[in-house]
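Undergrad: I have a structure I would like to understand better, so I am pasting it below and will then ask my questions one at a time.
Bear in mind these aren't lab numbers, they're just calculated from the coordinates by the rules spelled out. What you see is a predicted model; the values in this text were computed from it and never measured. Every residue, glycine among them, receives a Cβ derived from its backbone with ideal geometry; neighbour counts consider all protein chains shown.
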Amino acid sequence: MIESLLIANRGEIARRIIRTANRLGVRTIAVHSETDADLPFVAEADEAVCVGPANPALSYRNAEAILAAAKSTGAQAIHPGYGFLSENADFARTVEASGLVWVGPGADAISAMGDKINARNLMAAAGVPVAPGSQEPAESAEAALAAAAEIGFPVMVKAAAGGGGMGMAVAGDGDELRKEYEKVRSFAERMFGDGSVLIERFFPRVRHVEVQILGLADGRVVALSERECSVQRRNQKLVEEAPSPAVSPELRERLLAAAVTAGEAVNYRNAGTVECLLDPATGQFFFLEMNTRLQVEHPITELIHGIDLVEQQLLIASGDEPTLQQRQTGHAIELRVNAEDPKRFFPGPGTITTWVEPSGDGVRVDSGYTAGNTVSQNYDSLMAKLIVFGADRDDAIAKARAAVSGFEIAGPKNNLPFFAELLENPEFRSGDYDTGIVSRMR
């Protein structure tokens with residue numbers, strides 16, 4: 001087992017990794033920005049190093065500073081969490097070239113899946129279903145129009161190098177496509193340094209379902225189970241549940257088999273997620289993308305399988321056998337508690353004056369903050385993940401309702417009122433919902 005671990009991240013995911021590492025007797029090193037010096041994850045690590053100012057480009061995305069911190073503290077391995085440098089193939093290569101263990105997939109797999117067009121083409125060649133779309137970047141608005149004419153409107157306009165729901169727009173006709181193409185291309189160049197644009201079929205009613213995979217040290221790829229991620233705002237997830245209420249045993253078997261094929265196609269190692277779009281009318285699913293890292297929503301898979309995915313990551317990175325328990329029971333729901341307006345979902349950072357977490361049977365809170373901390377505008381608005389586990393879906397919803405009412409936050413804006421509304425919503429409670437549910441509630 002790895003003996004010392006640097007966590008190249010912050011907030012709740014840094015605390016989450018530290019918790020497992022402590023249980024396994026692994027020494028932990030936190031890196032933090034000047035702004036984050038007082039956050040809980042810094043105090044909970046065995047050692048902490050400031051790597052720069054609040055600007056993420058100068059701290060959490062500063063590969064040179066993070067590697068220097070690893071060297072000065074004698075870290076044996078680096079866990080990138082999610083976001084920041086977690087899907088940066090060059091950073092992964094540099095970590096390994098420096099003699100450190102990278103707790104994640106190989107750099108080649110990260111690189112192969114980092115470009116949506118390349119990923120689509122690889123998956124299609126491997127036999128994984130993909131939605132109708134362009135096989136090459138649309139180099140101009142005219143090229144985008146030609147692709148759309150072949151695919152059929154409406155289409156999704158995507159930044160090929162994007163992620164996390166960013167750099168996406170829908171176009172219903174040619175005029176709209178011209179406008180959205182330029183917007184997405186400009187955004188992609190600014191945010192990702194790559195203006196490549198993918199044109200893909202847009203499904204007006206679709207569900208977002210993903211599969212957790214683990215690429216083992218011996219080369220095998222296993223698929224655990226699926227998660228439902230259709231409650232979204234601006235193509236970004238707010239609520240996830242497992243198992244998906246839309247997936248039958250027969251569909252689950254096909255989804256898991258496709259996810260294993262996807263992982264094998266890129267010699268995948270460690271934890272990853274194969275994301276798919278599911279057409280509820282036909283039961284067809286299409287490859288969307290592969291996230292080459294631990295997902296924000298990993299706790300719901302942990303709860304229904306009775307495993308610790310961070311532990312599995314560390315075991316695989318150490319070359320050891322994972323301790324998998326292939327059992328699926330009960331139902332889990334995760335709510336992303338963000339510092340944002342619950343109506344329009346605009347960010348609302350600020351200093352936390354009250355922070356009281358709910359507790360009880362089947363309730364788990366993975367938080368990055370506590371009372372007295374400040375939620376900075378420099379980072380993602382996620383403050384905590386409220387996770388519940390019940391005997392079945394109705395039980396999990398009941399526990400989620402109670403936990404939401406028992407979570408007290410004052411200072412920054414928060415979206416707990418939205419969750420209270422969602423958990424009473426007949427469409428959500430029925431389980432028959434899609435990615436448009438939030439817009440219909442608003």
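Undergrad: Quick one: which of Lys183/Lys343; Lys179/Lys385; Lys183/Lys237; Lys179/Lys413; Lys158/Lys399 span more than 31 angstrom between C-alpha atoms?
TA: Check vs 31 Å cut-off fails for Lys179/Lys385; Lys179/Lys413; Lys158/Lys399.
Undergrad: Sticking with this one: By how many nm would the segment from Asp279 to Gln377 lengthen if fully extended, with 0.36 nm per residue of separation less the alpha-carbon distance?
TA: 31.6 nm
Undergrad: How high is the relative contact order of the chain, in percent, with contacts defined as C-alpha pairs under 8 Å that are six or more residues apart?
TA: For the chain, the relative contact order is 14 percent.
Undergrad: With a cap of 11 neighbouring Cβ atoms within 10 Å, and only residues DSSP puts in a loop, list the trypsin sites (Lys or Arg not before Pro) found in region 238-336.
TA: Counting only loop positions with at most 11 other Cβ atoms within 10 Å, the trypsin sites (Lys or Arg not before Pro) in region 238-336 are Arg327.
Undergrad: Grab the DSSP H runs of the chain that are 4 residues or longer, score each as -39,500 (n - 2.57), total them, divide by all residues and round the 222 nm result to the nearest 500 deg cm²/dmol.
TA: -10000 deg cm²/dmol
Undergrad: In addition: Given the options Pro342, Pro249, Pro129, state which has the largest fluctuation in a GNM of the chain using a 10 Å cut-off (strictly under) for Cα springs.
TA: Of the options given, Pro249 has the highest mean-square fluctuation.
Undergrad: Something else now. Put a dot 7 Å past each Cα toward the Cβ at Met166 and Ala97; how far apart are the dots in nm?
TA: It is 2.5 nm.
Undergrad: At 7 Å along the Cα-to-beta-carbon direction for both Ala57 and Asp394, put a label point, then send me their distance in nm to one decimal.
TA: For Ala57 paired with Asp394, the spin-label model returns 5.4 nm.
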